[in-house]
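Take a look at the structure below.
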Amino acid sequence: MSPTKFTLAAATMLASLNAVPASAQEVENTEFDGFYVGGSFGLGAQSNDVNEGVVFDTDRNGDFDNGVSTVTGANAFSPGFCNGAAKGNAPVAGCNNDKDDIDYYIRAGADKQYGNIVVGFLVDAGRSESTDSVTAFSTTPASYTFTRQLDYALGARGRVGYTPGGVLFYATGGVSYAKIKNSFTTTNGANSFTDNGKTESFGWSAGGGAEAKITNNISMGLEYLYTRYNDDDYVVNVGPGSAGPTNPFLLVSGGTDMKRTDPDFDMHSIRLTAALRF
């Protein structure tokens with residue numbers, strides 16, 4: 001995600017928060033103490049995946065350390081890779097950038113205030129519409145695109161903050177679990193391709209934010225969260241299909257396994273939050 005886009009999103013959300021027609025003077029209960037339920041809505045974005053590619057296991061021994069070669073010994077993937085989804089079957093067609101999109105979560109938690117210090121715990125569940133892709137190009141020519149997206153995510157985080165009264169500034173961090181929706185597309189119509197679909201991953205989250213009491217029982221805020229998942233289990237198995245025995249994918253063991261080089265699925269999120277407090 002570009003710094004400009006991230007800054008614009010933050011500024012827009014801050015403007016929305018400031019537009020709420022209430023002031024701290026109208027709130028009698030300025031403490032952040034007790035249980036709450038609520039949700040968040042915002043922009044989810046990918047980290048820029050620099051120099052990501054695709055690796056191959058042509059002898060199918062579980063080690064993705066092989067090159068795919070033609071019958072003459074040439075590199076079948078010499079056209080290279082791009083960080084995104086292919087627009088065609090060759091690099092000259094270009095690639096679409098990763099898509100940054102909305103995310104939305106429900107949450108519940110509890111806070112305890114000690115003087116000006118607030119400690120708490122929350123759980124949330126939701127999903128992001130952002131997608132992360134990488135493409136490999138072969139000399140055929142053909143393109144091979146891997147794409148992943150959060151099907152859903154569950155998080156559990158602690159938080160600690162400071163409040164001068166009515167407004168809470170906090171840091172937060174914890175663990176996260178995700179079901180990741182992986183998909184594969186190719187312009188290669190000769191070989192067969194099978195994959196293992198959705199994968200599961202545990203990760204971690206960290207960030208911070210600010211939350212303001214709008215009424216005695218309602219608070220709104222702005223939060224930034226960085227989350228990293230390890231997504232190293234998605235593999236595409238390439239088989240013969242209608243291809244002949246001289247097909248580069250088939251030369252070594254009659255098939256090839258392939259996966260993306262970067263196992264880290266990183267997400268940046270900036271969100272508006274709202275909570276009903278009891």
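The values are calculated or read from the model by the stated rules, or taken from the named source; none is laboratory data. Everything numeric here is computed off the predicted structure, so don't read it as measured data. Cβ coordinates were reconstructed from backbone atoms using ideal geometry, including for glycine residues, and neighbour counts include every protein chain displayed. Calculation scope for accessible area: heavy atoms of the full protein, side chains included, ligands and nucleic acids excluded. Shrake-Rupley method; radii C 1.70, N 1.55, O 1.52, S 1.80 Å.
Looking only at residues in the stretch 130-161 that are closer than 20 Å to Ala108 by Cα and touching a residue at least 40 places away in the same chain (Cβ under 8 Å), the one that is most open to solvent (accessible area, probe 1.4 Å) is Val160.
Scanning the stretch 87-107 for residues that are open to solvent by 30 Å² or more (accessible area, probe 1.4 Å) and in a strand (DSSP E or B) yields Cys95, Asn96, Lys99, Asp101, Ile102, Tyr104, Ile106.
Just to be sure before I move on: is Phe56 open to solvent by 80 Å² or more (accessible area, probe 1.4 Å), outside any loop (DSSP other than H, G, I, E, B), among the aromatic types (Phe, Trp, Tyr) and at pLDDT 95 or above in the structure I sent? The answer is no for Phe56. Within the option set Ala110, Ala45, being out of contact with any Pro (no Cβ under 7 Å at 6 or more places or on another chain), part of a strand (DSSP E or B), at pLDDT 95 or above and not β-branched (Val, Ile, Thr) holds for one residue only, Ala110. Only one entry of Ala275, Ala243 meets the criterion of being under 30 Å from Val55 (Cβ atoms) and of a type outside the set (Val, Ile, Thr), and that entry is Ala243. Residues that are modelled with pLDDT of 95 or more, of a type in the set (A, V, I, L, M) and in contact with a strand residue (DSSP E or B) (Cβ under 8 Å, 6 or more places away or on another chain) occur at least once in the stretch 157-165.
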